[in-house]
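Heads up, the thing below is written out as structure tokens.
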Amino acid sequence: MKYQEIISHMKLGEKAELMSGKDTWRTKGFSEYGIPELFLSDGPHGLRKQAGASDHLGLNASIPATCFPTAATVANSWDEDLGEKIGEYLGEEAQALGVHIILGPGLNVKRNPLCGRNFEYFSEDPYLSGKMAAAYIRGIQKKGVGACPKHFAVNSQELRRMSNNSVVDERTLREIYLTGFEIAVKEGKPKAIMTSYNRINGVYANENPYLLQDILKKDWGFDGIVMSDWGGSNDHVEGVQSGSHLEMPSTGKMGACQIERAVKKKHLDENILDERVGEFLKTVFQISGEWKKTEMFDVEEHHQFARKAASESVVLLKNEDKLLPLRHGEKVAVIGEFADIPRYQGAGSSLVNTTMLDTILNSIEKSGLDLAAYAPGYTRKGNENGNLIKNAVKMAQNAGVVLVFAGLDENSESEGLDREHMRIPQKHTELIHAVSEVNENVIVALSAGAVVEMPWEDKVKAIVHGYLGGQAGASAMLDVLTGVVNPGGRLSESYPFFYEDVPSRRYYPGKEKTSEYREGLYVGYRYYDTVEKGVRYPFGYGLSYTTFAYADLEIKETGVSLVITNTGNQDGSDVVQMYIGLPGGEVFRPKKELKGFRKVFLKAGERRKIEIPFDDKAFRFLIHLLESGKQKQESI
Ligand code: GLC
């Protein structure tokens, strides 16, 4: 092959240089061999391309790009087509901004609601995570841009993320923390993958031959570039030996010198280096062959799609007395600073410099609602003297309907730190309680990237969760509140009543050197259902402005089928979810596990037969029989 010939002409030092970045964002090129540089850039829900000063924490400015809803938000759509379309839009923007590989999607399992980066990940369930991630990857790569799912693997806390050791049993590792990546790799065929910072059972992910060779390459057939997280290469020679191709960012000449010295001292077989360089160049040439630079992308079209994506991901949690949707011309009081300064994305390396930004206050007139009054009710800053709540209450007293915008602010959740508790800011809670004392028609619209406690749930009539809706999230929320869009979101993570109900709470986050995954398989609904612990809102839950009926369920050799009918008077969507369990099975397992789903859009009165096939994961569980090295698959 072309690159095999190149390798035969390259000096040892040149081959060694290829295994490290050229700078913060570029891979090393050699024009004399026709090897191009590739530009890598965050992030999972929008491009964060830095043209000037560079960093991997979202500190320096980046070129404007569309901020789509985050993964945690879009996961609630359960719509793989939507995910793929977002991927295409991300790919288009990458072509326009000169980016060859997008560092995303992020798909780590939400082991615990307090992980600071949960906003950037899809779900507590590996199957939903993997399917949505594969969709994004397909979409991005349709545009000739490489995708790079992350962080591989078992990276479910931010505390001491660069040194923490995730201690997890083999079955939990395979079934919970790797299955999402397995689906993403096998069904998305990503051109790259990013290893996580942490150790897994004592071995750093980026230097872990079991993870990178046995599982990723041999079991799953991955043939792209394995890159470290930024600063996640701990022993570069070990990394190359174990299957990692690229330490990022550049370590100056140090990385190349380490490789060269190791080969000369016979600590690294040059054939291994040549194998890595060949694997690296294969992907570099594939991407550079498919990629093409385009002019500016259509800002307005991308913005409108971000709005569609956000509105299809909104979850209607409560709607007493069918208070929603609001009628055209309804007089509403709007309370909450989020209505003026929206909370629409997370913080850290995924931070997008938006092309534009909708707010409730600047979009409400167009929505057809009549804004009677607005009060901030709280501000992001700390100490208020309480007048803000008093003013909001005074205003709410005379309003027909009150819209309260609350949730988690920028200080509550971010890359680099985990949350201390599962509550929304105290002043948001106090505001909701105070307003619901004086008005019985209170609607709470939440913006948060992760699970929150809602002790005020019984005090309000309606709750709509927009998660982090991206730059068009506010207009998307108004589309749902006014019925322009019938909410079809379903929760992609469980909402326990309080943090004390969470199975991993006693040992999360791991504060010392290790983080022990003692809850094993019992993450999220796998725990709550199995121990029959009630939750405020279950995984897969969401209401609609219409109703649906299921009938004629059939279980066949190949899968299940049923007939779903939209029995209401509004068009709408539902998500048919297939769970599989084996009560009294030979081997312990969660009561039920998601093994298939279908998002269905139906007109009022329409009925449709839905089939969900059993796939290779439907009945499997993965006991790694050490003596035989085989995986036992028990049929149900
Ligand atoms: C960060 C993140 C990773 C990101 C990378 C580059 O530390 O962990 O998700 O892609 O560095 O910014």
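Computed from the coordinates by the stated procedures, all read-outs in this text should not be read as laboratory data. Please read all numbers here as calculations on a predicted model, not as lab measurements. Note that we place each Cβ from the backbone using ideal geometry, even for glycine, and neighbour counts take in every protein chain shown.
As a quick test, which of the pairs K11/K264; K131/K461; K28/K191 have an alpha carbon distance above 24 angstrom in this structure?
Beyond 24 Å between Cα atoms: K131/K461.
Return the distance in nm (one decimal) between the two label points of a simple spin-label model at D571 and D615, each offset 7 Å from Cα along Cα→Cβ.
Modelled inter-label distance: 2.8 nm.
Pop the C-beta distance of V531 and M254 into the FRET formula with R0 = 41 Å and round what comes out to the nearest 0.05.
Efficiency, rounded to the nearest 0.05: 0.20.
How would you order 331-343, 515-527, 97-109 from highest to lowest mean count of nearby Cβ atoms within 10 Å?
Sorting 331-343, 515-527, 97-109 by mean packing, highest first, produces 97-109, 331-343, 515-527.
On a straight-distance basis, which aspartates and glutamates could pair with K15 in a cross-link, Cα separation under 17 angstrom, same-chain partners fewer than 8 positions away excluded?
Within the straight-line cut-off, K15 pairs with E5, D23, E32, E37, E238, E247, E260, D269, E270, D274, E275, E279.
Based only on other Cβ atoms within 10 Å, what is the fewest-to-most ordering of E32, E124, E606?
Fewest-to-most ranking of E32, E124, E606: E32, E606, E124.
Using Cα atoms only, what is the angle between the long axis of helix 299-311 and the major principal axis of the chain, expressed in degrees (0 to 90) to the nearest 10?
70
Which order results if C148, C67 are arranged by neighbouring Cβ count within 10 Å, fewest first?
Listing C148, C67 from fewest to most nearby Cβ atoms yields C148, C67.
Through the Karplus equation 6.51 cos²θ - 1.76 cosθ + 1.60, θ set to phi - 60°, convert the phi angles of region 421-428 into ³J(HN,Hα) values in whole Hz; use x for Gly and Pro.
Those phi angles translate into 8, 10, 8, 7, x, 3, 5, 5 Hz.
Explain nothing, just the number: dipole magnitude of the chain about its Cα centre with +1 on each Lys and Arg Cβ and -1 on each Asp and Glu Cβ, in debye rounded to the nearest 20.
The calculated dipole for the chain is roughly 400 debye.
In whole Hz, what ³J(HN,Hα) sequence does region 566-583 give by Karplus (6.51, -1.76, 1.60; θ = phi - 60°), x for Gly and Pro?
7, 8, x, 10, 10, 4, x, 10, 9, 10, 7, 10, 10, 10, 10, x, 9, x
Packing-wise, with mean Cβ within 10 Å as the measure, how do 226-239, 431-444 rank, highest first?
Result, highest mean Cβ count within 10 Å first: 226-239, 431-444.
Please express the Cα-Cα pair-distance distribution P(r) of the chain as a list of whole percents, one per 20 Å bin, running from 0 to the bin with the greatest distance.
Cα pair-distance distribution for the chain, in percent: 20, 52, 25, 3, 0.
Could you tell me how many degrees, from 0 to 90 and to the nearest 10, lie between the Cα long axis of helix 387-397 and the main elongation axis, the longest principal axis, of the Cα atoms of the chain?
Helix 387-397 and the main axis of the chain meet at about 50 degrees.
Just tell me which lysines come within less than 19 Å, Cα to Cα, of K427; anything on the same chain fewer than 8 places away is out.
Straight-line reach from K427, under 19 Å: K381, K390, K394, K459.
Set the Förster radius R0 to 60 Å, insert the Cβ-Cβ distance between N271 and D321 as r into 1/(1 + (r/R0)^6), and round the FRET efficiency to 0.05.
Here the calculated transfer efficiency is 0.25.
Going by a ≥ b ≥ c, the root eigenvalues of the Cα gyration tensor, does region 1-123 fall in the rounded group (a/c under 1.5), the prolate group (a/b larger than b/c) or the oblate group?
prolate
How far is helix 270-290 tilted, in degrees, relative to the longest principal axis of the Cα atoms in the chain, given as a value from 0 to 90 rounded to the nearest 10?
Here the helix axis deviates by roughly 50 degrees.
Residues with amide H under 5 Å of I424's amide H, sequence separation 5 or more or different chain, H placed in the peptide plane at 1.01 Å from N; which?
E453
Tell me, what is the Rg over Rh of region 84-210, with Rh the Kirkwood radius over Cα pairs?
0.98
Per-residue ellipticity at 222 nm for the chain, helices alone: DSSP H runs ≥ 4 residues times -39500 (n - 2.57), over residue total, nearest 500 deg cm²/dmol?
-7500 deg cm²/dmol, from helical runs alone.
What are the ³J(HN,Hα) values, in whole Hz, obtained from phi via the Karplus relation 6.51 cos²θ - 1.76 cosθ + 1.60 with θ = phi - 60°, for each residue of region 466-476 in sequence order, with x given for Gly and Pro?
Running phi through 6.51 cos²θ - 1.76 cosθ + 1.60 with θ = phi - 60° gives x, 6, 10, x, x, 5, 10, x, 5, 5, 5 Hz.
Scaled to the compact-protein estimate 2.2 N^0.38 Å, what is the alpha-carbon radius of gyration of region 150-281, rounded to two decimal places?
Cα-based Rg divided by the globular estimate yields 1.02.
With unit charges on the beta carbons (Lys and Arg positive, Asp and Glu negative) and the dipole taken about the Cα centre of the chain, which residue among G524, Y374, H236 sits farthest to the positive side?
H236
State, in angstrom, two size descriptors of region 328-371 derived from its alpha carbons: Rg to one decimal place and Dmax to the nearest whole number.
Calculated on Cα positions, Rg and Dmax stand at 13.2, 41 Å.
So how much slack lies between E384 and E512, counting 0.36 nm per residue of separation and subtracting their Cα-Cα distance, in nm?
42.4 nm
Can you give the % of DSSP beta bridges in the chain that are antiparallel, to the nearest 5?
50
Could you list I287, I140 in order of exposure, starting from the residue whose Cβ has the fewest other Cβ atoms within 10 Å?
Ordered from fewest to most neighbouring Cβ atoms within 10 Å, I287, I140 come out as I287, I140.
Near the amide H of S515, under 5 Å away, which other amide H atoms are found, from residues 5 or more places off or on another chain, if H is placed in the peptide plane?
N165, S166, V167
Gap in Å between the Cα centre of region 147-171 and the Cα centre of region 493-560?
Each part reduced to its Cα centre gives a spacing of 20 Å.
Working out 0.36 nm times the residue gap between Q286 and K142, then minus their Cα-Cα distance, what length gain in nm do you get to one decimal?
Separation in residues times 0.36 nm, less the Cα-Cα distance, equals 50.5 nm.
Have a look at W456, S414, G29 and report the one farthest towards the positive end of the charge dipole of the chain, computed about the Cα centre with Cβ charges (Lys/Arg +1, Asp/Glu -1).
Looking along the dipole axis, the top candidate is G29.
Under a point spin-label approximation (7 Å from Cα along Cα-to-Cβ), what is the D298-H9 distance to one decimal in nm?
That separation, rounded to one decimal, is 4.4 nm.
What distance in nm separates the two pseudo spin-label positions at R505 and E606, each 7 Å out from Cα along the beta-carbon direction?
Calculated label separation equals 4.3 nm.
By how many nm would the segment from L159 to Y579 grow when fully extended, if each residue of separation counts as 0.36 nm and the alpha-carbon distance is taken off?
147.9 nm
Roughly how many Å is it from the Cα centre of region 225-285 to that of region 353-367, as a whole number?
Value for the Cα centre distance between the two parts: 47 Å.
Return the FRET efficiency for the residue pair S31, K264: r is the Cβ-Cβ distance, R0 is 30 Å, and the value is rounded to the nearest 0.05.
Efficiency at R0 = 30 Å is approximately 0.70.
Cross-link partners among aspartates and glutamates for K49, C-alpha distance below 13 Å, same-chain residues fewer than 8 apart left out?
Counting by Cα, and skipping residues close in sequence, K49 has these aspartates and glutamates nearby: E93.
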